[in-house]
Amino acid sequence: MTVSGEGTADVALTCMRCLDEYCEHVQFTIEEELHPDPGFAHRRGTDGFEVDDEVHIGPNHVLDLGEIMRQHIVLHLPLKPLCRTDCPGLEEMHPNG
Ligand SMILES: [Zn+2]
């Protein structure tokens, strides 16, 4: 079973320069190959299918995508979050202290 789709999320991050909170708009594409077993799902990892306790398929075969989405969002978060690319940072915003 292949699950694919696109999504967007707004994530509150802290700018590494001015330490202000800002909203990062994250776009992500989900492509997962899942082996639908009730109770848990096998995700295809580097070594083939592996058990992933964090992905749940309910008794009605409803796949809970919450954890998959969360992992994709985290993957797309910037390593050095900036509220804007030319953010001057704390020192330049408060030159006198
Ligand atoms: Zn900033």
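The values are calculated or read from the model by the stated rules, or taken from the named source; none is laboratory data. If you're wondering where the values come from, they're calculated on a predicted model, not measured in any experiment. Cβ placement follows ideal geometry from the backbone for every residue including glycine, while neighbour counts extend to all protein chains displayed.
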Residues of the range 58-97 satisfying the condition of being modelled with pLDDT under 80 and either within 16 Å of the ligand (Cβ to nearest atom) or over 24 Å from the mean Cα position of the chain (by Cα) (or both) = PRO59, ASN60, GLU91, GLU92, MET93, HIS94, PRO95, ASN96, GLY97
How many residues does the range 4-22 contain that are surrounded by 12 or more Cβ atoms within 10 Å (Cβ to Cβ) and in contact with a helix residue (DSSP H, G or I) (Cβ under 7 Å, 6 or more places away or on another chain)?
-> 5
Number of the exception - ARG44 against (1) within 16 Å of the ligand (Cβ to nearest atom); (2) modelled with pLDDT under 60 | (1)
